[in-house]
Amino acid sequence: MTYAIDPNPLWTPDPATLGETRMAQFMQSTDHARYADLWRWSIDRPEAFWSKIWDFCGVVGEQGQRVLLDGDRMPGARWFPEARLNYAENLLQNRGDGQALVFHGEDKIRRQLSHAELYAEVARFQQFLIASGVGVGDRVAAYLPNLPEALIAMLATTALGAIWSSASPDFGVHGVLDRFGQSQPKVLICVDGYWYNGKAVDCLEKNAEVVSKLPSLVKTVVVPYLDARPDISPIANAVCWNELAAVDGSQDVIFRRVAFDHPLFIMFSSGTTGVPKCIVHGHGGVLLQHLKEHQLHSDVHPGDRLFYFTTCGWMMWNWLMSGLASGATLLLYDGSPFAKHGKVLFDYAAAERMTHFGTSAKFIDAAAKIGLTPGKTHDLAALRAMFSTGSPLSPEGFDWVYREVKRDILLASISGGTDIVSCFVLGNPVLPVYRGEIQCCGLGMAVDVFNDEGQPVRSEKGELVCTRPFPAMPVGFWNDSDGSKYKAAYFERFANIWCHGDFSELTTHDGVIIYGRSDATLNPGGVRIGTAEIYRQVEQLPEILESLVIGQDWPPGKNDDVRVVLFVKLQEGHTLDAGLIERIKKQVRDNTTPRHVPARVVQVQDIPRTKSGKIVELAVRNVVHGQPVKNVEALANPEALNYFKGRVELAE
């Protein structure tokens, strides 16, 4: 069963302003009138395309003569082998009085920094790093909320050619050690605590334990957020961020220009299937890819006000920070997205004249469920684009945005991952938006969908792949000297082809539909079913707040087949009775196929999810089958797994 393709777009670009988009200007500069032709050129002529991106987007650095070596090898291709550049230098070009960032901490704290103030803060923290012995290739780690200090420390670190990694403070001690313990940072930045839904959460005791188990540390910096003078005495070799004000901030920031593939970030996989993978990304690949995605695909112009709801533990934080390189003002937020009865983010959008609003598909679903109507209750006149990622955005989610947020808006559903710290498929300001579809494949990304035989298919479900190298491929994995872990992660399924692990479809509009992760697809009777197909139907029922579906081996122990099991979290005041179960099954049967209909429907009090809000079907499947969950530290609410253990409803 696939989504019915609506031939009528929900939104089309305004011809009067189309030519003002950065994408249209880029198309004109390359003499391409149609996006499809531009995309094909970007794939067939990668050297010309990526060199053009460098120039068009204004990269600061030396490009060198050669663009691509060993372009037929994946992995193994080398981009801009003679280039010298620095990521942070490109983000700190503006030294003026305009706003570099605005920060809102729920409804309690407001801060802002000009470009000149941000530069001075980076210079000050960089002097501290140098005094602490941090140099090229050293690691600096942050255990922080999405605060301005995280951006400042990241820029100071990467300007030196040192390597940055981060995690959000809601990670437990073991979750942090599973990540930072692998990279052995020299400096750690943490926070005394944070606010979530109006409640203060203290982190000092947790910080002390983390520091005691990271022997590589020479210094720890504690950012005061809850308390202006936190007691940091139990934390070894710790200094308070406020004490750094005495460091001279009038000096210039040192920008060490490094090779294109010099390590910039160590990103961490979710870790729900074992110890998180440490994915290393380089200066040039991240910068070029983000410039392309911001300026061309997202139509970010200098002076735009760019927001994404994210934590420092999700790749969208890194993506958001890069917006400085395109001249955007960053709008940072820390706390619950549902503070103030779910209105806090739209309050922020109105107050700060937000032009680009980024969030998760789950937030959009939840906002629709609780009946928010921000287009009526808030002034969103400045808003031009809304982004959604983290999981597939349902067609009904598209409907809600255009009905209740804004009619004239680019709704860009996007999909990629930590693996590439960017997107394979995403939005486009010169193309229409069709209900339930991601607009297009990204420029320079040779995206295709393969069937099980490794053949490309159209209007048919299969594996999302990328058939040619691209600059944002990881430099490698940390502590993977022979590259075997890296190759096993992406290149075992199809030789010399990146297999991303998304169950997908290319549509007749050259758009893309994501049906869920390939490793979570259901297989009753040998027919592959994407979990998103079931979620879409079930969560239309008003009683259902959220759902999670797995395939249960049936009969138990024989592995002859699987049956579809649906878990539902209900709206307050509702219970799962025979009538609701039948309505759920009828909704699925009438709108998909009989194979999609769950054999069992079970009520649970909560649905487990990762720190970035993604539900974890595989972890639940392991619990149901009596298998261990390898890393519960990766979950935001690991206690929710208990609701799935020993369910009598699944014994027959």
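The values are calculated or read from the model by the stated rules, or taken from the named source; none is laboratory data. Given the structure is predicted, the values throughout are model-derived calculations rather than measurements. A quick note on method: Cβ atoms are made from the backbone with ideal geometry, for glycine too, and the neighbour counts reach across all protein chains shown. Calculation scope for accessible area: heavy atoms of the full protein, side chains included, ligands and nucleic acids excluded. Shrake-Rupley method; radii C 1.70, N 1.55, O 1.52, S 1.80 Å.
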Checklist entry - Out of region 74-83, which residues are under 27 Å from the mean Cα position of the chain (by Cα) and charged (D, E, K, R)? => result R78
Next on the checklist: Residues that are within 23 Å of D70 (Cα to Cα) and among the aliphatic types (A, V, I, L, M): does region 422-439 have at least one?
Outcome noted: no
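Looking only at region 76-90, decide whether some residue is open to solvent by 50 Å² or more (accessible area, probe 1.4 Å) and either part of a helix (DSSP H, G or I) or of a type in the set (S, T, N, Q) (or both).
no
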Next on the checklist: What's the total number of residues in region 91-104 that are open to solvent by 10 Å² or more (accessible area, probe 1.4 Å) and in a loop (DSSP other than H, G, I, E, B)?
Outcome noted: 6
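If a residue must be outside any helix (DSSP H, G or I) and either farther than 20 Å from L320 by Cβ or open to solvent by 20 Å² or more (accessible area, probe 1.4 Å) (or both), how many such residues does region 391-414 contain?
Residues in region 391-414 being outside any helix (DSSP H, G or I) and either farther than 20 Å from L320 by Cβ or open to solvent by 20 Å² or more (accessible area, probe 1.4 Å) (or both): 6 in total.
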Next on the checklist: What are the pairs with Cβ atoms under 7 angstrom where one residue, in region 578-599, is charged (D, E, K, R) and the other, located anywhere, is open to solvent by less than 20 Å² (accessible area, probe 1.4 Å) and in a helix (DSSP H, G or I)? Sequence gap at least six, or different chains.
Outcome noted: R595/P524
Checklist entry - Out of region 280-309, which residues are aliphatic (A, V, I, L, M) and in contact with a Phe, Trp or Tyr (Cβ under 6 Å, 6 or more places away or on another chain)? => result V280, L287, L296
Item to check | So S504, is it open to solvent by less than 20 Å² (accessible area, probe 1.4 Å) and more than 30 Å from P15 (Cα to Cα) | outcome: yes
Checklist entry - Do we find that R73 is in contact (Cβ under 8 Å) with a residue 40 or more places away in the chain, in contact with a His (Cβ under 8 Å, 6 or more places away or on another chain) and open to solvent by 40 Å² or more (accessible area, probe 1.4 Å) in this structure? => result no
Checklist outcome for this item: Note on L426: of the conditions (1) of a type outside the set (S, T, Y); (2) in contact (Cβ under 8 Å) with a residue 24 or more places away in the chain; (3) under 29 Å from L541 (Cβ atoms), unmet is (3)
Next on the checklist: Need pairs with beta-carbon distance below 8 Å; first residue aromatic (F, W, Y) and within region 393-406, second open to solvent by 20 Å² or more (accessible area, probe 1.4 Å); sequence gap 6+ or separate chains.
Outcome noted: F398/L10; F398/R435; W400/A368; Y402/L10; Y402/W11
Checklist entry - Here are some residues: D107, D55. Which one is surrounded by fewer than 18 Cβ atoms within 10 Å (Cβ to Cβ), in a helix (DSSP H, G or I) and under 27 Å from the mean Cα position of the chain (by Cα)? => result D55
Checklist entry - Any chance region 212-229 includes a residue that's among the acidic types (D, E) and modelled with pLDDT of 95 or more? => result no
Checklist entry - Do we find that V601 is at pLDDT 95 or above and either closer than 25 Å to A636 by Cβ or among the β-branched types (V, I, T) (or both) in this structure? => result yes
Next on the checklist: Looking at region 16-45, I want the residues that are within 18 Å of T467 (Cβ to Cβ) and part of a helix (DSSP H, G or I) and have a partner that is open to solvent by less than 40 Å² (accessible area, probe 1.4 Å) and of a type in the set (D, E) with Cβ atoms under 8 Å, at least 6 apart or on another chain. Which pairs are those?
Outcome noted: none
Checklist entry - Within region 174-203, how many residues are over 21 Å from C240 (Cα atoms) and in contact (Cβ under 8 Å) with a residue 60 or more places away in the chain? => result 9
Checklist entry - Just to be sure, is N237 at positive phi, among the polar types (S, T, N, Q) and surrounded by fewer than 17 Cβ atoms within 10 Å (Cβ to Cβ)? => result yes
